[in-house]
Amino acid sequence: MNAITNNAQFIDDVEQGIAAYIGEMIELRHDLHRNPELAFQEVRTSGIVANFLTSWGYEVATGIAGTGVVATLQRGEGSRRIGIRADMDALPIDEKTNLSYASQEPGVMHACGHDGHTTILLTAARYLAQSGRFSGTLRLIFQPAEEIGAGARKMLSDGLFERFPVDAVFGLHNWPGIAIGHFGFVAGPAMASVDQAIIHIKGRGGHGAEPHNAVDPVVAAASFITALQSIVSRNVDPREMAVVTVGSIHGGSASNVIPDSVEIKLTVRSYSEAVRQQLKTRIAALARAQAESFGACADVDYRLGFPAVVNHEEETAFARRVAVDTFGEGWIEQEFKPRTASEDFAFFLARQPGSYLFVGNGESAALHSPHYNFDDGIIAPAARYWVRLAETFLRNDSKNRRPA
(Lines give C-alpha, C1' and ligand atoms only; values in the text may rest on other atoms or scores of the structure.)
Protein backbone atom coordinates (compact mmCIF):
# COMPACT_ATOMS: atom_id res chain seq x y z
CA MET A 1 0.00 0.00 0.00
CA ASN A 2 1.23 3.52 -0.73
CA ALA A 3 2.11 5.83 2.14
CA ILE A 4 -0.92 6.53 4.31
CA THR A 5 -2.16 10.08 3.76
CA ASN A 6 -2.72 12.17 6.86
CA ASN A 7 -6.31 13.41 6.57
CA ALA A 8 -6.99 15.72 9.51
CA GLN A 9 -10.65 16.25 8.59
CA PHE A 10 -11.24 12.50 8.45
CA ILE A 11 -9.61 12.07 11.83
CA ASP A 12 -11.73 14.86 13.29
CA ASP A 13 -14.89 13.29 11.88
CA VAL A 14 -14.11 9.96 13.50
CA GLU A 15 -13.19 11.52 16.82
CA GLN A 16 -16.32 13.66 16.88
CA GLY A 17 -18.53 10.80 15.75
CA ILE A 18 -17.35 8.55 18.57
CA ALA A 19 -17.54 11.40 21.09
CA ALA A 20 -21.27 11.69 20.42
CA TYR A 21 -21.97 8.34 22.06
CA ILE A 22 -18.86 7.49 24.09
CA GLY A 23 -20.79 7.99 27.34
CA GLU A 24 -23.19 5.21 26.37
CA MET A 25 -20.30 2.91 25.55
CA ILE A 26 -18.62 3.57 28.89
CA GLU A 27 -21.89 2.66 30.60
CA LEU A 28 -21.94 -0.53 28.56
CA ARG A 29 -18.41 -1.33 29.71
CA HIS A 30 -19.46 -0.82 33.32
CA ASP A 31 -22.42 -3.16 32.79
CA LEU A 32 -20.14 -5.85 31.35
CA HIS A 33 -17.75 -5.37 34.24
CA ARG A 34 -20.58 -5.68 36.75
CA ASN A 35 -21.69 -8.95 35.14
CA PRO A 36 -18.54 -10.93 34.25
CA GLU A 37 -18.71 -14.43 32.79
CA LEU A 38 -16.06 -17.14 32.76
CA ALA A 39 -14.71 -18.96 29.71
CA PHE A 40 -17.40 -20.52 27.50
CA GLN A 41 -20.06 -19.11 29.82
CA GLU A 42 -20.27 -15.69 28.11
CA VAL A 43 -23.97 -16.13 27.28
CA ARG A 44 -25.16 -12.73 28.50
CA THR A 45 -22.13 -10.93 27.06
CA SER A 46 -22.36 -12.51 23.62
CA GLY A 47 -26.12 -11.84 23.57
CA ILE A 48 -25.53 -8.14 24.22
CA VAL A 49 -22.81 -8.05 21.56
CA ALA A 50 -24.96 -9.81 18.97
CA ASN A 51 -27.99 -7.60 19.65
CA PHE A 52 -26.05 -4.38 19.25
CA LEU A 53 -24.35 -5.53 16.05
CA THR A 54 -27.63 -6.71 14.56
CA SER A 55 -29.30 -3.39 15.36
CA TRP A 56 -26.47 -1.56 13.57
CA GLY A 57 -26.93 -3.55 10.38
CA TYR A 58 -24.27 -6.22 10.62
CA GLU A 59 -24.81 -9.78 9.47
CA VAL A 60 -24.29 -11.64 12.74
CA ALA A 61 -23.36 -15.27 13.31
CA THR A 62 -23.58 -16.66 16.85
CA GLY A 63 -22.72 -19.93 18.55
CA ILE A 64 -19.21 -20.17 17.12
CA ALA A 65 -17.15 -21.96 19.77
CA GLY A 66 -20.32 -21.98 21.82
CA THR A 67 -20.52 -18.30 22.77
CA GLY A 68 -18.45 -16.65 20.05
CA VAL A 69 -19.87 -14.00 17.72
CA VAL A 70 -18.73 -12.96 14.24
CA ALA A 71 -20.23 -9.87 12.58
CA THR A 72 -19.82 -9.00 8.91
CA LEU A 73 -20.35 -5.69 7.13
CA GLN A 74 -19.77 -5.42 3.39
CA ARG A 75 -19.64 -2.23 1.37
CA GLY A 76 -18.69 -1.30 -2.18
CA GLU A 77 -16.96 -3.57 -4.63
CA GLY A 78 -13.67 -4.01 -2.81
CA SER A 79 -12.39 -7.56 -2.53
CA ARG A 80 -10.24 -7.12 0.57
CA ARG A 81 -11.32 -8.55 3.92
CA ILE A 82 -10.12 -7.57 7.39
CA GLY A 83 -10.75 -9.29 10.71
CA ILE A 84 -10.58 -7.54 14.10
CA ARG A 85 -10.86 -9.57 17.28
CA ALA A 86 -11.88 -8.81 20.87
CA ASP A 87 -12.00 -11.27 23.79
CA MET A 88 -14.98 -11.45 26.16
CA ASP A 89 -14.28 -13.74 29.13
CA ALA A 90 -13.45 -12.94 32.75
CA LEU A 91 -11.28 -14.60 35.40
CA PRO A 92 -11.99 -16.61 38.58
CA ILE A 93 -10.83 -13.78 40.88
CA ASP A 94 -12.54 -11.99 43.77
CA GLU A 95 -12.62 -8.30 42.89
CA LYS A 96 -11.15 -5.85 45.41
CA THR A 97 -11.46 -2.51 43.60
CA ASN A 98 -14.45 -1.06 45.51
CA LEU A 99 -15.71 0.41 42.24
CA SER A 100 -19.36 1.44 42.08
CA TYR A 101 -19.73 -1.02 39.19
CA ALA A 102 -17.61 -3.81 40.70
CA SER A 103 -18.44 -7.40 39.87
CA GLN A 104 -21.68 -8.72 41.26
CA GLU A 105 -20.57 -12.30 40.64
CA PRO A 106 -18.69 -13.74 43.63
CA GLY A 107 -15.30 -15.07 42.61
CA VAL A 108 -15.51 -13.75 39.04
CA MET A 109 -13.91 -10.54 37.76
CA HIS A 110 -12.84 -8.80 34.58
CA ALA A 111 -9.28 -8.54 35.85
CA CYS A 112 -7.69 -8.41 32.39
CA GLY A 113 -9.81 -5.79 30.64
CA HIS A 114 -11.74 -8.02 28.27
CA ASP A 115 -14.85 -5.99 29.07
CA GLY A 116 -12.89 -3.00 27.78
CA HIS A 117 -11.66 -4.80 24.66
CA THR A 118 -15.22 -5.82 23.80
CA THR A 119 -16.47 -2.26 24.34
CA ILE A 120 -13.68 -0.80 22.21
CA LEU A 121 -14.58 -2.99 19.27
CA LEU A 122 -18.30 -2.33 19.69
CA THR A 123 -17.60 1.42 19.78
CA ALA A 124 -15.68 1.16 16.51
CA ALA A 125 -18.36 -1.13 15.05
CA ARG A 126 -21.05 1.46 15.73
CA TYR A 127 -19.13 4.21 13.95
CA LEU A 128 -18.21 2.01 11.00
CA ALA A 129 -21.84 0.96 10.55
CA GLN A 130 -23.13 4.52 10.70
CA SER A 131 -20.37 6.48 8.98
CA GLY A 132 -17.73 4.07 7.77
CA ARG A 133 -16.05 4.84 4.47
CA PHE A 134 -14.62 1.66 3.03
CA SER A 135 -14.99 -0.79 0.19
CA GLY A 136 -14.63 -4.43 1.11
CA THR A 137 -15.52 -6.79 3.93
CA LEU A 138 -15.24 -6.00 7.63
CA ARG A 139 -15.37 -8.95 10.04
CA LEU A 140 -15.55 -8.43 13.78
CA ILE A 141 -14.64 -11.46 15.90
CA PHE A 142 -15.79 -11.61 19.53
CA GLN A 143 -13.95 -14.56 21.05
CA PRO A 144 -14.76 -16.56 24.17
CA ALA A 145 -12.39 -18.35 26.53
CA GLU A 146 -9.12 -16.55 25.92
CA GLU A 147 -8.16 -16.83 29.58
CA ILE A 148 -7.99 -20.62 29.44
CA GLY A 149 -6.33 -20.69 26.03
CA ALA A 150 -9.17 -22.60 24.41
CA GLY A 151 -11.36 -20.04 22.64
CA ALA A 152 -9.24 -19.34 19.58
CA ARG A 153 -8.64 -23.04 18.91
CA LYS A 154 -12.34 -23.79 19.29
CA MET A 155 -13.32 -21.01 16.89
CA LEU A 156 -10.81 -22.31 14.37
CA SER A 157 -12.06 -25.88 14.75
CA ASP A 158 -15.57 -24.51 14.14
CA GLY A 159 -14.35 -23.24 10.76
CA LEU A 160 -13.83 -19.57 11.61
CA PHE A 161 -11.66 -18.60 8.65
CA GLU A 162 -13.31 -21.03 6.26
CA ARG A 163 -16.73 -19.55 6.99
CA PHE A 164 -15.51 -15.97 7.43
CA PRO A 165 -12.32 -15.60 5.38
CA VAL A 166 -10.03 -12.64 5.97
CA ASP A 167 -6.84 -11.35 4.37
CA ALA A 168 -5.43 -10.23 7.72
CA VAL A 169 -6.52 -10.31 11.35
CA PHE A 170 -5.72 -7.84 14.15
CA GLY A 171 -6.22 -7.71 17.91
CA LEU A 172 -5.17 -5.58 20.85
CA HIS A 173 -4.62 -5.76 24.60
CA ASN A 174 -4.49 -3.00 27.18
CA TRP A 175 -1.23 -2.83 29.11
CA PRO A 176 -0.65 -1.36 32.58
CA GLY A 177 2.45 0.77 32.98
CA ILE A 178 2.10 2.37 29.55
CA ALA A 179 0.59 5.86 29.29
CA ILE A 180 -3.16 5.85 28.64
CA GLY A 181 -3.92 5.71 24.95
CA HIS A 182 -0.30 5.20 23.86
CA PHE A 183 0.27 2.32 21.45
CA GLY A 184 2.93 -0.38 21.35
CA PHE A 185 3.90 -2.50 18.35
CA VAL A 186 6.24 -5.47 18.07
CA ALA A 187 7.17 -7.17 14.81
CA GLY A 188 7.98 -10.85 15.20
CA PRO A 189 7.54 -12.55 18.61
CA ALA A 190 5.37 -10.25 20.74
CA MET A 191 4.15 -12.59 23.51
CA ALA A 192 5.50 -15.89 24.80
CA SER A 193 4.35 -19.43 24.30
CA VAL A 194 2.98 -21.02 27.45
CA ASP A 195 3.18 -24.67 28.50
CA GLN A 196 2.67 -26.49 31.79
CA ALA A 197 4.57 -29.38 33.32
CA ILE A 198 3.11 -31.44 36.17
CA ILE A 199 5.74 -33.66 37.71
CA HIS A 200 5.16 -36.39 40.29
CA ILE A 201 8.31 -37.53 42.06
CA LYS A 202 7.55 -40.89 43.62
CA GLY A 203 9.56 -42.36 46.45
CA ARG A 204 8.70 -44.61 49.39
CA GLY A 205 7.12 -43.08 52.44
CA GLY A 206 8.17 -43.72 55.98
CA HIS A 207 8.69 -42.40 59.48
CA GLY A 208 10.49 -39.07 59.68
CA ALA A 209 12.70 -40.54 62.42
CA GLU A 210 13.93 -43.31 60.10
CA PRO A 211 14.73 -41.67 56.73
CA HIS A 212 17.15 -44.51 55.88
CA ASN A 213 14.17 -46.82 55.54
CA ALA A 214 12.39 -44.57 53.07
CA VAL A 215 13.03 -43.01 49.67
CA ASP A 216 12.42 -39.33 50.31
CA PRO A 217 10.68 -37.61 47.38
CA VAL A 218 10.89 -34.24 49.14
CA VAL A 219 14.68 -34.21 48.98
CA ALA A 220 14.56 -35.37 45.35
CA ALA A 221 12.05 -32.62 44.54
CA ALA A 222 14.21 -30.00 46.21
CA SER A 223 17.23 -31.12 44.22
CA PHE A 224 15.22 -31.07 41.00
CA ILE A 225 13.95 -27.54 41.63
CA THR A 226 17.48 -26.33 42.27
CA ALA A 227 18.83 -28.11 39.18
CA LEU A 228 15.94 -26.73 37.13
CA GLN A 229 17.53 -23.29 37.24
CA SER A 230 20.42 -24.56 35.12
CA ILE A 231 18.20 -25.10 32.08
CA VAL A 232 17.80 -21.41 31.27
CA SER A 233 21.32 -20.46 32.39
CA ARG A 234 23.20 -23.37 30.83
CA ASN A 235 21.10 -25.03 28.12
CA VAL A 236 19.26 -22.19 26.39
CA ASP A 237 21.17 -19.85 24.09
CA PRO A 238 21.65 -16.65 26.16
CA ARG A 239 20.41 -14.64 23.17
CA GLU A 240 17.04 -16.36 23.46
CA MET A 241 14.26 -15.88 26.03
CA ALA A 242 13.07 -18.65 28.32
CA VAL A 243 11.14 -18.72 31.59
CA VAL A 244 10.79 -21.78 33.82
CA THR A 245 8.85 -21.06 37.02
CA VAL A 246 7.83 -23.45 39.78
CA GLY A 247 4.41 -22.23 40.85
CA SER A 248 3.29 -25.10 43.05
CA ILE A 249 4.83 -27.86 45.15
CA HIS A 250 2.86 -30.23 47.36
CA GLY A 251 3.94 -33.24 49.35
CA GLY A 252 3.11 -34.63 52.74
CA SER A 253 0.94 -33.30 55.54
CA ALA A 254 2.85 -33.96 58.76
CA SER A 255 6.29 -32.91 59.97
CA ASN A 256 7.27 -36.42 61.06
CA VAL A 257 6.10 -38.37 57.99
CA ILE A 258 8.02 -38.82 54.76
CA PRO A 259 5.40 -38.86 51.98
CA ASP A 260 5.22 -41.28 49.11
CA SER A 261 5.25 -38.55 46.46
CA VAL A 262 5.60 -34.86 45.71
CA GLU A 263 3.76 -32.93 43.00
CA ILE A 264 5.46 -30.00 41.28
CA LYS A 265 3.80 -27.68 38.75
CA LEU A 266 5.74 -25.50 36.34
CA THR A 267 4.88 -22.77 33.84
CA VAL A 268 7.23 -22.71 30.86
CA ARG A 269 7.53 -19.86 28.35
CA SER A 270 9.61 -18.86 25.33
CA TYR A 271 9.45 -16.91 22.08
CA SER A 272 11.11 -19.51 19.86
CA GLU A 273 9.53 -22.82 18.91
CA ALA A 274 12.99 -24.41 18.93
CA VAL A 275 13.58 -23.22 22.50
CA ARG A 276 10.08 -24.37 23.43
CA GLN A 277 10.90 -27.92 22.36
CA GLN A 278 14.31 -27.74 24.04
CA LEU A 279 12.68 -26.79 27.34
CA LYS A 280 10.24 -29.66 27.07
CA THR A 281 13.05 -32.17 26.48
CA ARG A 282 15.37 -30.86 29.19
CA ILE A 283 12.72 -30.51 31.92
CA ALA A 284 11.57 -34.09 31.46
CA ALA A 285 15.12 -35.45 31.33
CA LEU A 286 16.22 -33.49 34.39
CA ALA A 287 13.19 -34.54 36.43
CA ARG A 288 13.82 -38.21 35.76
CA ALA A 289 17.58 -37.99 36.31
CA GLN A 290 17.30 -36.09 39.58
CA ALA A 291 14.63 -38.46 40.90
CA GLU A 292 16.65 -41.53 39.96
CA SER A 293 19.74 -40.15 41.67
CA PHE A 294 17.82 -40.40 44.96
CA GLY A 295 16.33 -43.80 44.23
CA ALA A 296 12.96 -42.30 43.29
CA CYS A 297 11.24 -41.97 39.93
CA ALA A 298 9.48 -39.13 38.13
CA ASP A 299 6.33 -39.08 36.03
CA VAL A 300 6.20 -36.03 33.75
CA ASP A 301 2.91 -34.77 32.35
CA TYR A 302 3.96 -32.04 29.89
CA ARG A 303 1.02 -30.08 28.54
CA LEU A 304 1.51 -27.85 25.52
CA GLY A 305 -0.57 -24.71 25.85
CA PHE A 306 -0.30 -22.30 22.97
CA PRO A 307 2.56 -20.96 20.90
CA ALA A 308 4.16 -17.53 20.94
CA VAL A 309 2.29 -14.62 19.41
CA VAL A 310 4.37 -13.95 16.31
CA ASN A 311 3.33 -10.78 14.52
CA HIS A 312 3.77 -10.60 10.77
CA GLU A 313 6.23 -7.95 9.64
CA GLU A 314 4.17 -6.23 6.92
CA GLU A 315 0.90 -6.19 8.85
CA THR A 316 2.68 -4.85 11.94
CA ALA A 317 4.36 -2.10 9.92
CA PHE A 318 0.96 -1.21 8.49
CA ALA A 319 -0.72 -1.20 11.91
CA ARG A 320 1.99 1.07 13.30
CA ARG A 321 1.74 3.50 10.39
CA VAL A 322 -2.01 3.78 10.91
CA ALA A 323 -1.38 4.73 14.54
CA VAL A 324 1.25 7.31 13.58
CA ASP A 325 -1.05 8.76 10.92
CA THR A 326 -3.94 8.98 13.36
CA PHE A 327 -2.24 10.15 16.55
CA GLY A 328 1.32 11.13 15.69
CA GLU A 329 4.69 9.65 16.71
CA GLY A 330 4.31 11.04 20.22
CA TRP A 331 1.61 8.48 20.97
CA ILE A 332 3.75 5.52 19.95
CA GLU A 333 5.89 3.71 22.54
CA GLN A 334 9.20 3.68 20.69
CA GLU A 335 10.90 1.14 22.97
CA PHE A 336 7.99 -1.24 23.45
CA LYS A 337 9.34 -4.75 24.04
CA PRO A 338 7.85 -8.24 23.68
CA ARG A 339 5.88 -9.46 26.69
CA THR A 340 6.43 -12.78 28.46
CA ALA A 341 2.71 -13.18 29.12
CA SER A 342 0.76 -15.31 26.64
CA GLU A 343 -2.26 -14.99 24.36
CA ASP A 344 -4.21 -17.52 22.32
CA PHE A 345 -4.46 -14.99 19.49
CA ALA A 346 -1.27 -16.85 18.55
CA PHE A 347 -3.43 -19.51 16.90
CA PHE A 348 -5.07 -16.92 14.64
CA LEU A 349 -1.67 -15.56 13.59
CA ALA A 350 -0.47 -19.08 12.81
CA ARG A 351 -3.30 -19.32 10.28
CA GLN A 352 -3.56 -15.78 8.91
CA PRO A 353 -1.29 -12.76 8.47
CA GLY A 354 -1.88 -10.10 11.08
CA SER A 355 -0.67 -8.31 14.16
CA TYR A 356 -1.42 -8.07 17.87
CA LEU A 357 -0.83 -4.64 19.37
CA PHE A 358 -0.98 -2.97 22.76
CA VAL A 359 -2.59 0.16 24.20
CA GLY A 360 -1.56 1.77 27.47
CA ASN A 361 -3.76 1.48 30.57
CA GLY A 362 -1.76 3.93 32.66
CA GLU A 363 -0.50 3.22 36.17
CA SER A 364 -3.12 0.64 37.07
CA ALA A 365 -2.66 -2.54 39.04
CA ALA A 366 -1.24 -5.43 37.07
CA LEU A 367 -3.32 -7.65 34.82
CA HIS A 368 -4.98 -10.51 36.74
CA SER A 369 -4.77 -8.55 39.99
CA PRO A 370 -7.96 -8.27 42.10
CA HIS A 371 -7.19 -4.52 42.20
CA TYR A 372 -6.88 -4.12 38.42
CA ASN A 373 -9.10 -1.51 36.78
CA PHE A 374 -9.50 -0.92 33.06
CA ASP A 375 -9.29 2.82 32.30
CA ASP A 376 -12.32 4.09 30.36
CA GLY A 377 -10.10 6.74 28.78
CA ILE A 378 -8.74 4.05 26.47
CA ILE A 379 -12.07 3.32 24.80
CA ALA A 380 -12.39 6.34 22.50
CA PRO A 381 -8.80 6.45 21.13
CA ALA A 382 -8.59 2.67 20.72
CA ALA A 383 -11.96 2.59 18.91
CA ARG A 384 -10.80 5.47 16.74
CA TYR A 385 -7.72 3.44 15.92
CA TRP A 386 -9.80 0.40 14.87
CA VAL A 387 -11.87 2.65 12.61
CA ARG A 388 -8.77 4.06 10.96
CA LEU A 389 -7.22 0.62 10.59
CA ALA A 390 -10.33 -0.85 8.94
CA GLU A 391 -10.92 2.17 6.70
CA THR A 392 -7.32 2.23 5.53
CA PHE A 393 -7.06 -1.51 4.96
CA LEU A 394 -10.29 -1.51 2.97
CA ARG A 395 -9.54 1.39 0.67
CA ASN A 396 -11.07 0.91 -2.73
CA ASP A 397 -7.78 0.88 -4.62
CA SER A 398 -7.10 -2.18 -6.71
CA LYS A 399 -3.43 -1.21 -7.06
CA ASN A 400 -2.86 -1.44 -3.33
CA ARG A 401 -3.23 -5.07 -2.34
CA ARG A 402 -0.64 -5.20 0.41
CA PRO A 403 -1.06 -3.62 3.84
CA ALA A 404 2.17 -1.60 3.75
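The values are calculated or read from the model by the stated rules, or taken from the named source; none is laboratory data. The shown structure was predicted, so the numbers you read here are calculated from the model rather than taken from an experiment. For accessibility, only protein heavy atoms count, side chains too; no ligands or nucleic acids. Shrake-Rupley method; radii C 1.70, N 1.55, O 1.52, S 1.80 Å.
Overview of values
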| item | result |
| --- | --- |
| Antiparallel bridge percentage (DSSP; both residues within the chain; nearest 5) | 70 |
| Equivalent ellipsoid semi-axes, the stretch 138-223, via Cα gyration tensor eigenvalues times 5, rooted, Å | 48, 20, 11 |
| Accessible carbon and sulfur surface of the stretch 193-306 relative to its total accessible area, %, 1.4 Å | 51 |
| Å² of accessible area per residue within the chain, as computed with a 1.4 Å probe and no ligands counted | 41 |
| Val243 accessible area, assembled protein chains, probe 1.4 Å, Å² | 40 |
| Accessible carbon and sulfur surface of the stretch 314-404 relative to its total accessible area, %, 1.4 Å | 49 |
| Partners for Lys154 among lysines (Cα-Cα distance below 24 Å; same-chain residues under 8 apart left out) | none |
| Cα long-axis angle, helix 114-131 against the chain (0 to 90 degrees, to the nearest 10) | 20 |
| Carbon and sulfur %, accessible surface of the stretch 1-150 computed with the full protein complex present, 1.4 Å | 45 |
| Helix 8-19 axis, angle to the chain major axis (alpha carbon atoms, nearest 10°) | 70 |
| Accessible surface of Glu105 - all protein chains present, 1.4 Å probe, nearest 10 Å² | 90 |
| Anchor Lys202: aspartates and glutamates whose Cα lies under 20 Å away (excluding residues fewer than 8 positions away in-chain) | Glu210, Asp216, Asp260, Glu263, Glu292, Asp299, Asp301 |
| C-alpha long axis of helix 22-34 to longest principal axis of the chain, angle in ° | 20 |
| Pairs of alpha carbons in the chain whose separation is greater than 31 Å (percent) | 44 |
